[in-house]
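Read-outs: derived from the displayed coordinates by stated rules, not from any lab. What you are looking at is a predicted structure, and each value in this text was computed from that prediction instead of being measured. Glycine gets a Cβ as well: all are built from the backbone with ideal geometry, and neighbour counts include every protein chain shown.
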Amino acid sequence: MDVAFATIAQLKQALADGATAESLARATLERIAAIDPALGAFREVIGDAAIARAKSIDGDGASGPLAGVPIAIKDCMCHVEGTTACSSKMLEHYRSPFTATAVERLEAAGAVVVGKTAMDEFAMGSSCENCAFGVTRNPWDASRVPGGSSGGSACAVGAGMVAAALGSDTGGSIRQPASLCGVVGLKPTYGRISRWGLVAFASSLDQIGPFTRTVEDAALLSSVMFGKDPLDATSADLPVDGDLTDVDRDPGPMRIGLPKQYRLEGANDPAVDEAVERAQKAFEAAGAEVVEVDLPHTEYGIATYYVVATAEASSNLARFDGVHYGHRSPGVDDLVELYSKSRSEGFGEEVQRRIMLGTYVLSAGYYDAYYNRALKVRRLIRGDFDAAFDAVDAILCPTATGPAFEIGAKTDDPLAMYLNDVYTVPASLAGLPAVSLPGGFAQVDGKPLPVGVQLIGKAFDEARLLRLARVVERSADHASARPDLGALAGAG
Amino acid sequence: MSDSAQPGPRITEDQVRHVAKLARLHPTDAQVGHFAHQLDAILDYVAKLSGVDVEGVEPMPHAIDTVNVWREDEPAPGLSPETALGNAPQRDGEFFATPKVLGDGGGA
């Protein structure tokens, strides 16, 4: 079958109609080979492993909910096939002896991993320009970024190479690239999906989630990955709603909050505000009550995030020492020099910048002024959401302030890059589930560029969040819009 | 209120060198100047947190309320030495090799 732009639901139908897992894997690999050289969504394709696995699924007559469905995983998820490089020179040759729980659960359900998607190195970035092995491009305009850090996964789904890909979201790294590439991206509640085997960036924030073309497919992947894992003590020991995949179920009385702080004066591209208004109208047409909510500490989100996340990163990335695994500087005969040279050679500039910022805010004399204070403001941000959720079931807001920006536009100004995450970090700091949905298009230089809308839900309320997302999805068929990849040939 | 003390001067090149040493990084002189400039701008932005009233607010280190989890201290299968050493950039038999830590090698 033609796998281009297929949904999981369509692939499952093709399999039910007699297509083999091997034929889907081969068609997917051919499509990647044809269009990815111009996009760079994949850091590594594991074709032989994928074909072997697909053949074994065909041989077993496996019947899992994802049996034979090709997927991609982000390059920071440990996998026994190929390398797990975090798009970093530090881990360029790293071969994991185990597979991340989230990936293992998808494979147990029959999914066939075809490759590892490019990302900002160690998930630090919002544009996929911080990848040690080359930039990833936006399928809607190859001169623009796909967003980040899970930009390769968003690009792979947005360009119709795979129906689904995994990303990880620390401050918006699933939702923002989903918005920029015109796909669905879900960051579940912190603790919903095991972090075992996810290379750690900021452990109190990191969460794995799916990229898909439809809400229904996001729910299906979630239903497979959600749930307690003894290998991750922070994974939540809570039941997973058995009707999670029934996204067309009536969500019941709907109360939707619009935060007044998410319409910063002059900050949003008009297409973003229009997309939110369209989603608001879709809710109203479906009988929802839409009210304004107050999230007064929103303006402190970015500052709080870049203290908390870098502090945790500086600690997590201390493990890369040139001794146990990863890059080792050659010819060094002093241990401390071995550590520091291996790290400076192995880590790219943004990673080093964040390690230094995190080290600084944790260092003697600054811990209280920066780190401890940020943790207190984090609680105030969480308190804003708790108060808002007394009155509403979900919050509707933009995902990003605008459509994809041009490659290179923000690389010299880290702070401008960080401000990309203004609408996504508050839910991350509060640990709440949030989904970005295709919301429409901005017309830039005669080209349509996707913009997303974001729905933020109550903790562990993903079943309702996805049903509400389905209300927006049903109102406008943005997902069937496809980028003109014919223009890619000359873009490489 | 001690919490709201201004976070002091923004970062200097000497402080960048000190932080790099703590972080076991080895920036070139050019990078030190570059990082000082960028970190200064970021810290200037982050200083807005000093304007928030956090009197009586408990720090929130975790995204959700968590309690410590214990497990039985029972032996279980782990990685074999060969697997564990599989990614070692340099090994010596069943050991990770490092430069000499004590004596002539200097080390820490």
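Overview of values
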| item | result |
| --- | --- |
| Reach of residue A:341 by Cα under 18 Å, taken over lysines that are not fewer than 8 positions away in the same chain | A:89, B:21, B:100 |
| Estimated translational D of the protein assembly as shown in µm²/s (Stokes, Kirkwood radius over Cα pairs; 20 °C; 1.002 mPa s) | 88 µm²/s |
| Proximal lysines to residue B:48, defined as alpha-carbon separation beneath 17 angstrom and excluding residues fewer than eight positions away on the same chain | A:376 |
| Inter-probe distance in nm under a simple model that places probes 7 Å from Cα toward Cβ, at residue A:92 and residue B:41 | 2.9 nm |
| Other-chain or far-sequence residues with amide H under 5 Å of residue A:400's (modelled H) | A:452 |
| Length added when fully stretched, residue B:14-residue B:84, from 0.36 nm per residue minus Cα-Cα | 21.3 nm |
| Net lengthening on full extension, residue A:387/residue A:291 (0.36 nm per residue, minus Cα-Cα) | 33.2 nm |
| Sequence-distant aspartates and glutamates (8 or more away, or on other chains) whose Cα lies within less than 14 Å of residue A:228 | A:104, A:237, A:241 |
| Of A:371, A:381, A:261, farthest towards positive along the dipole that unit charges on Lys, Arg, Asp, Glu beta carbons give chain A | A:371 |
| Förster radius 35 Å - calculated FRET efficiency between residue A:263 and residue A:368, Cβ distance, rounded to 0.05 | 0.55 |
| Cα centroid separation, the range A:432-492 to the range A:250-278 (Å) | 14 Å |
| Leading residue at positive end of dipole, chain B (Cβ point charges), from B:96, B:54, B:80 | B:96 |
| For the range A:92-231, Kirkwood radius (reciprocal of mean inverse C-alpha pair distance, Å) | 14.8 Å |
| Mean shadow area of the range A:1-140, taken as a quarter of the surface of its Cα convex hull (nm²) | 8.3 nm² |
| Neighbouring partner chain Cβ atoms per residue of A:365-372, average, 10 Å criterion | 4 |
| Cα point-scatterer Debye curve for the range A:230-358, base-10 log of I(q)/I(0) at q = 0.10, 0.17, 0.20 Å⁻¹ | -0.68, -1.03, -1.14 |
| Most positive-pole-ward Cα, A:100, A:131, A:164, against dipole of chain A from beta carbon charges | A:100 |
| Assigned charges on the beta-carbon of Lys, Arg, Asp, Glu; chain A dipole about Cα centre (debye) | 300 debye |
| The range B:9-108, relative contact order [Cα under 8 Å, separation at least 6], % | 15 percent |
| Tilt relative to chain B, helix B:29-46 - C-alpha long axis, 0 to 90 degrees, to 10 | 50 degrees |
| Rounded to the nearest 20 debye, dipole of the range A:112-260 from Cβ charges on Lys, Arg, Asp, Glu | 340 debye |
| C-alpha center-to-center spacing [the range A:385-415, the range A:90-143] in angstrom | 22 Å |
| Percentage relative contact order, chain A, counting C-alpha pairs under 8 Å, at least six apart | 18 percent |
| The range A:276-375 - percent relative contact order, Cα under 8 Å, separation 6 or more | 33 percent |
| Computed log₁₀ I(q)/I(0) - Debye formula, equal Cα scatterers, no solvent, the range A:83-138, q 0.20, 0.22, 0.28 Å⁻¹ | -0.81, -0.91, -1.08 |
| Cα centre as origin, Lys/Arg/Asp/Glu Cβ charges: the range A:378-490 dipole, Debye | 300 debye |
